[in-house]
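Rule-based calculations on the coordinates, nothing more; no lab input. All of these numbers come straight from a predicted model, not from anything done at the bench. In this analysis, Cβ positions are derived from the backbone assuming ideal geometry, glycine residues included, and neighbour counts consider all displayed protein chains.
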Amino acid sequence: MTSLTYNDKWGKTKWLLGSKALKPHVPDTKPFTRSGLQTMLQRYPSSVYFKPTRGSGGNGIARIERLASGKYLLHHGEKKRVLTSLGSLHAELKRFAGRRPYLLQRGIHLLKSQGKPFDLRVMVQKTSRGRWLSTGIFAKLGRPGKVVNNYHQGGRIVLLPTALKGAGISKERRDRMKWQLKRMGTHAGRCFDRHRKGFRELGLDVAIDRSRRMWILEINTRPQFYPLKALKDKSMYHRICRYAKQYGRTNGR
């Protein structure tokens, strides 16, 4: 008995938009077209993400910014390039994408923990009785200048309380946010069940903006959790592994 994998990010986004509980947490997202690019950069000039509809590990993602001069800054990996017009930007993105379909997503100005931007992974798994349970939440601290806060891109894993405390959030507020994140995870599990049968694990990538609003950046149906082994406290890793073994997954890769 394995967990279903579904890699279409646009399909999953539409599922979330159909959920009354989750729709408020979905950033504005559109399929990549020239008109969509123009619209998104008009709405969110400071940051629009360009991401493949299929893919993982933060690969193939770029960030676009409209400058005060009217030019555009394209940021991919540690490389930056300035494009002089929307037409030249669109042509460069088309070349970058090749035949792969891409999405445009509103950029979120991330909350920082001790000066480092971070986002969260909310792990939810099904029990043997078919009930969704939030089994772990951890933070991915980013490296300065990186487009994504991914473990593969040089990010560092810390526990949720550590990240939130480093962001100056009170103990009472931290506890409430943890409850909200766990609830968001179980809502997502039930949402996915309404569209496809066979999901037994999900990994929500959640951003918290500077006003402390939570956003679901995407949901992974084959979430990696092996980086948790590097933590001194391995209780979360062992808990996730216990549930994963029930559906035949023996490691977190």
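In order along the range 86-96, phi translates into HN-Hα couplings of 4, x, 5, 5, 4, 5, 5, 5, 5, 5, 5 Hz, rounded to whole numbers, per the Karplus curve 6.51 cos²θ - 1.76 cosθ + 1.60 with θ = phi - 60° and x for Gly and Pro.
Could you work out the Rg to Rh ratio of the range 61-109, with Rh taken as the Kirkwood radius (inverse of the mean 1/r over all Cα pairs)? Kindly include the intermediate steps, with their values, before the conclusion.
On the way: Rg = 10.9 Å, Rh = 11.5 Å.
Across the range 61-109, the Cα-based Rg/Rh ratio is 0.94.
A crude spin-label estimate for the pair Ser46 and Asn59, with each label 7 Å from Cα along the Cβ direction, gives 3.2 nm.
Taken along the Cα-to-beta-carbon direction at a fixed 7 Å, the label points for Gln180 and Arg213 span 1.1 nm. The distance linking the range 192-247 with the range 11-47 is 22 Å (Cα centroid to Cα centroid, whole angstrom). Within the set Lys9/Lys30; Lys30/Lys112; Lys30/Lys182; Lys116/Lys165; Lys9/Lys197; Lys14/Lys140, which residue pairs have Cα atoms separated by over 20 Å? From Lys9/Lys30; Lys30/Lys112; Lys30/Lys182; Lys116/Lys165; Lys9/Lys197; Lys14/Lys140, over 20 Å: Lys30/Lys112; Lys30/Lys182; Lys14/Lys140.
For helix 34-43, what angle does its Cα long axis make with the longest principal axis of the chain, in degrees from 0 to 90 and rounded to 10? Helix 34-43 sits at roughly 80 degrees to that axis. For the range 177-184, the Karplus equation 6.51 cos²θ - 1.76 cosθ + 1.60, evaluated at θ = phi - 60°, returns couplings of 5, 4, 5, 4, 5, 5, 5, 4 Hz by residue, with Gly and Pro reported as x.
Protection proxy ranking, highest mean first, for peptides 117-123, 3-9: 117-123, 3-9, where packing is the per-residue count of other beta-carbon atoms within 10 Å, averaged.
Subtracting the Cα-Cα distance of Thr39 and Phe96 from their residue separation scaled by 0.36 nm leaves 18.5 nm.
Dipole of the chain computed with +1 at Lys/Arg Cβ and -1 at Asp/Glu Cβ about the Cα centre; of Asn251, Trp10, Ser35, farthest Cα towards the positive end is Asn251.
In whole percents, the pair-distance distribution calculated for the range 9-105 from its alpha-carbon pairs, binned every 5 Å from zero, is 3, 13, 24, 25, 19, 10, 5, 2, 0. Basic side chains Lys and Arg get +1 at the Cβ, acidic Asp and Glu get -1 at the Cβ, and with that the dipole of the range 29-106 about its Cα centre reaches some 180 debye.
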